[in-house]
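Inspection log for the structure reproduced underneath, given as structure tokens.
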Amino acid sequence: MQARSIFSHIIDEHFESEVTFLQQLIHARSANIYTAETSPVDIPLEAEVADAISQKMHSFGWQPRLLGLSKQRPNVLYIRPGKVEGKTLILNTHMDTVPASKGYMHDPWDAQIENGKLYGLGAADAKAQIAAFIYALRALDLAGIELAGTLKLAFVVDEETGANSPYGTRYLLEQGLLDGDAALIGEPGDSKIALGHRGIFRFHIRIRGEAVHTGLKEWEEGTRGSNAILDMSCLIQALSACTFPHRPSPAFPGRKNVLTFPTLITGGRGINIVPETCDAYGDIRLLPGLAAEEIRATIEQCLAPLEIPYELQEIVFVPAVETPHNADIVKTLARSVDEISGTSPRLEGAGPACDGWMFSMRGIETICGYGVRCGGVHGADEWADLDSLRRVTEIYALTILRYLGQA
């Protein structure tokens, strides 16, 4: 393909600029310390990143829009209309990161390069994909390629709280701004093309006891006081044996639903006081086909024999989704990966969830992850491989061109 040889050369010419831009994105702090139920709409967590993206796009002559529930947490949306009425492809990823691990040996925000790896918080998850998406389209522009179909770039806020935020991808979808035929979610990792992702059910259980001084005779005799932590231990044991039904899934061969409880537990307010409350949190990773109502019913059924009063609160539910192997976007990306990298990627679902389900549930064919080779994601010394960044940028450019066509 003559066009490919042209934009491939352009990507090489501008790769130093792309790396510098990725370093700029890492310098722009966007750590999200919040959970789904506490994330604020009016604190500018991702504002520096949004500004950097917007400025870069303006320097290319593009006109991005900053849109959100508040001016403090805007999403960045850029739409390139097609020259003819054709398909629409959405490129989507998030601007926020997890908080920095205490185990970092490198400065999390210094964006150091060592042995072909760029280190920094968010280097791979997901700022490398932001840079690659932008520079892939830039290469097509500089090659003089006009796209037949429409391309949408959406860089969103608040994904790391559980891929269920009303502020980011969901907001843009509900505004009617992200309709399309296919979506590619820029999550890191180049070993597979993610055909969907597992779901999430996160929940909170509270047990209420009765506080009493541990030195009182009534506690000694058992006439007063109830230890909420002790009761919670009974629930923990019961839920450790709890299983959830699942059906075989082509995207998740050999996988199953997994309950982890507790992942976080708090209780008590003094060493000499019987604990009056205990709060525990759980996380379930789900395969396709299990609804939130079924999960709650299964938990309640497991706990019913204990006859211990408790309060169960659903915090986050993200459904598991899968995309067929023969979807057009899957075949297009797989062909591009094979041609440019010389390897045939695995086609299977991702373990972690992302915003991809929001597209899938609206009938949009969605790839839930393909990006740079990396390490340390959600851990210490996160890094993105720079050779991989160069290669993935070209893969994205070729995928855009093949999926949307040249006018």
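Each reported figure results from applying straightforward, stated rules to the coordinates on display, with no laboratory input. What you are looking at is a predicted structure, and each value in this text was computed from that prediction instead of being measured. Glycine also receives a Cβ, built like all others from the backbone with ideal geometry; neighbour counts cover every protein chain displayed.
Mind checking the angle between helix 386-404 and the chain's longest principal axis? C-alpha axes, 0 to 90 degrees, to the nearest 10.
With rounding to tens, the tilt is 70 degrees.
Lone cysteines in the chain, defined as no other cysteine's Cβ under 4.7 Å from theirs: which are they?
Unpaired cysteines in the chain: 234, 278, 354, 368, 374.
Quick one: which of 56/87; 152/256; 117/192; 87/256; 83/117 span more than 32 angstrom between C-alpha atoms?
152/256; 87/256; 83/117
Any idea how far apart residue 291 and residue 115 come out in nm if each label point goes 7 Å out from Cα toward Cβ?
According to this spin-label approximation, the distance is 5.2 nm.
Taking other Cβ within 10 Å of each residue's Cβ, how do 318, 19 sort, fewest first?
Fewest-to-most Cβ neighbours within 10 Å comes out as 19, 318.
Fewest first, what order do 204, 197 take by the number of other Cβ atoms within 10 Å?
Neighbour counts put them in this order, fewest first: 204, 197.
Could you pull the Cα extents of the range 68-151 along its three principal axes, largest to smallest, in whole Å?
51, 37, 17 Å, listed from the longest principal axis down.
How much space per residue, in cubic angstrom, does the convex hull of the C-alpha atoms of the chain take up?
Output value, Cα hull per residue: 146 Å³.
Using a Förster radius of 35 Å, what is the FRET efficiency between residue 217 and residue 306 based on their Cβ-Cβ separation? Nearest 0.05, please.
After rounding, the FRET efficiency stands at 0.80.
Can you tell me the orientation of helix 228-240 relative to the chain, as the angle in degrees between its alpha-carbon axis and the longest Cα principal axis, to the nearest 10?
Tilt of helix 228-240: around 50 degrees.
Can you tell me the length gained on complete extension of the stretch residue 362 to residue 406, counting 0.36 nm per residue apart and subtracting the Cα distance?
Contour length minus Cα-Cα distance gives 13.2 nm.
May I ask you to derive the FRET efficiency for residue 264 and residue 70 from their Cβ-Cβ distance with R0 = 30 Å, giving the value to the nearest 0.05?
So, using R0 = 30 Å, E works out to roughly 0.60.
Arranged by the count of other C-beta atoms within 10 angstrom, fewest first, what order do 159, 210 take?
If I rank by nearby Cβ atoms, fewest first, I get 210, 159.
Run the simple label-point estimate for residue 230 and residue 204 please: 7 Å along Cα→C-beta, distance reported in nm.
Going from the residue 230 label point to the residue 204 one covers 2.6 nm.
What does DSSP give for the range 16-154 in terms of the percent of beta bridges that are antiparallel, rounded to the nearest 5?
Counting only bridges with both partners in the range 16-154, antiparallel ones make up about 60 percent.
Relative to the longest principal axis of the chain, what angle (0 to 90°, nearest 10) does the C-alpha long axis of helix 128-142 take?
20
Sequence gap at least 6, Cα distance under 8 Å: using those rules, report the relative contact order of the chain to the nearest whole percent.
24 percent.
Over the range 199-317, what portion of Cα pair distances is larger than 21 Å, expressed as a whole percent?
Value for the range 199-317 (Cα pairs over 21 Å): 45 percent.
So if the hydrodynamic radius of the range 281-407 is defined as the Kirkwood radius over C-alpha pairs, what does Stokes-Einstein give as its diffusion coefficient at 10 °C and 1.306 mPa s, in µm² per second?
89
Tally the DSSP beta bridges in the chain and give the antiparallel ones as a percent, rounded to 5.
Within the chain, antiparallel bridges account for around 70 percent of the total.
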